[in-house]
Each structure stands twice: as structure tokens, then as C-alpha cells.
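The values are calculated or read from the model by the stated rules, or taken from the named source; none is laboratory data. Every value quoted in this text rests on a predicted model; they were computed, and no experiment measured them. So basically every Cβ, Gly included, is an ideal-geometry build from the backbone, and we count neighbours across all protein chains shown. Ligands, DNA and RNA are stripped out before the accessible areas are found, and what is left, the full protein with its side chains, is counted by its heavy atoms. Shrake-Rupley method; radii C 1.70, N 1.55, O 1.52, S 1.80 Å.
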Amino acid sequence: MALVVVTAPAVEPVSVSDLKDHLNLTLSDDDTMLANVVVAARQYVERFTGRPIVNTTFDLYYDAFPVGAITLPKAPVASVTSVKYLDPNGVETTLSGGNYTTDIYSDPGRIVPGADGWPDTDDVPNAVIVRFVAGHGAAADDVPLTLRQAVLLIAAHWYENREASLVGVSGQSLPLGVDAILAEHRQWSF
């Protein structure tokens, strides 16, 4: 099984303007750096939680259809775009939506085969490709406030503490409370 990002989020959950307001910055000298820190903070949150924050399109590859349901490794699932496979003759075929049921409400989401089961595939690597979209929505406002706050806190912390070098004092790698916020949203099963 392999998972590949096809389309990254179109927006970030926190804007540069939001971060500047949080930091009480008015100059635009560091706007590029602030934008990069926001992206890095979102990516950190996504890695920690195992979940995309803003809608992201993925391709999930299997060598053959699994026995039973296909489990989608990212949640929340917004939609399943397509289920394609290489038939035994090596011809790419799109499976009709009537041949499977999509369960986007379970966590993790899944695709359940119809009464006839999954079709046979060619005996090659990555013969099955499932394209799906996962995330809280396409807009920043769709993201839960707690996750937006975590991104904001991390981005601000990284902007203000650009290098981790403390001598003779104790410090923390992330602002207080961020771990608790992220643990609440962490995907624990797959």
C-alpha cells in the first residue's frame, strides 16, 4: 500500500494576516517567512495528528483489492473521487460507484465492495488506485478552531524562537497547551 498527495491544500488554516495580528506585527518585511512558518506549522500538525487539516486529495495504491473493505488512511474523508484498477489484461478500468459503498462517516473511512465483491486485477504492483479527498473542508473557516489555534501558536513560536539553543535554562519545543490540542485530534487507529 502507498499513499501519495495528488493535490495539496489550496489554502492554509491560518493566514499571514492572522499570524501578524497574533504577533502584533505591522511591517511586511517578514511576510514571506511568516507564510513559510504557517505552512510548516500546518504540516507539523498534520504529521502529529495523522490527519489533513484542509481538504487534500490523495491516491491510495494497492497491488490488488484487499479482502473486505478498503480502509482510507486519512480522516475525515470528504469524498471518494474514483476507484480504478488494472483488469487482468492490464487495461485501466474505473469501477462504477454502484459496485461499492463509500462510508465517509466512520473513522477511518472505508469503501465496502458490492454483493459481487471486488473484481480481479492484473498481477502487477499498484494495480488498484483509490482517489479520495480528506480534510475538514476547502476553506480555512472549515477547520476546527482548536486546530487553527494550534497552527497559530506553533507558527508564532517558531517565528519568535528561530533557533533552539538554550543554555542554563529550561525551555519547551512547543507552546503550552499545543500537545493537548493536538492529542484531541490525533488519529489513533489505522
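Just read off the accessible area of H22 with the full protein assembly in place, 1.4 Å probe, to the nearest 10 Å².
80
With every protein chain left in place, what is the accessible area of L147 in Å² (1.4 Å probe, nearest 10)?
10
Counting each DSSP H run of 4 or more residues in the chain as -39500 (n - 2.57), what helix-only mean residue ellipticity at 222 nm follows after dividing by all residues, to the nearest 500 deg cm²/dmol?
-8500 deg cm²/dmol
I'd like the orientation of helix 31-49 relative to the chain: the angle between its Cα long axis and the longest Cα principal axis, in ° from 0 to 90, rounded to 10.
Its long axis makes an angle of about 50 degrees.
Ignoring everything but the protein chains, give the 1.4 Å probe accessible area of D123 in square angstrom, nearest 10.
150
Could you give the size of the charge dipole of the chain about its Cα centre, using +1 on the Cβ of each K and R and -1 on the Cβ of each D and E, expressed in debye and rounded to the nearest 20? Walk me through the numbers before you get to the answer.
Values: 11 positive and 23 negative charges, 62 e Å.
About 300 debye.
Using a Förster distance of 22 angstrom, determine the FRET efficiency expected from the C-beta separation of D31 and E184, and round it to 0.05. List each step's numbers first, then the result.
Details: r = 31 Å, r/R0 = 1.41.
For D31 and E184, the calculated efficiency is 0.10.
Compute the long axis of helix 145-160 from its Cα atoms, compare it with the longest principal axis of the Cα atoms of the chain, and write down the angle in degrees, 0 to 90, nearest 10.
It is inclined by approximately 50 degrees.
On the accessible surface of the range 43-94, probed at 1.4 Å, how many percent belong to carbon and sulfur atoms?
49
Accessible area per residue for the chain in Å², computed with a 1.4 Å probe and the full protein assembly in place, what is it? Don't jump to the answer; show the numbers that get you there.
Numbers: 10380 Å² over 190 residues.
Per residue, the chain has an accessible area of 55 Å².
Stretched out fully, how many nm does the piece from A40 to V5 gain, at 0.36 nm a residue minus the Cα gap? Before the final figure, lay out each step's value.
Values: separation 35, 0.36 × 35 = 12.60 nm, distance 1.62 nm.
Net length gain for the segment: 11.0 nm.
Just reorder T121, T32, T56 by solvent-accessible area, largest first, 1.4 Å probe, all chains present.
Numbers: T121 30, T32 105, T56 10 Å².
From most exposed to least exposed: T32, T121, T56.
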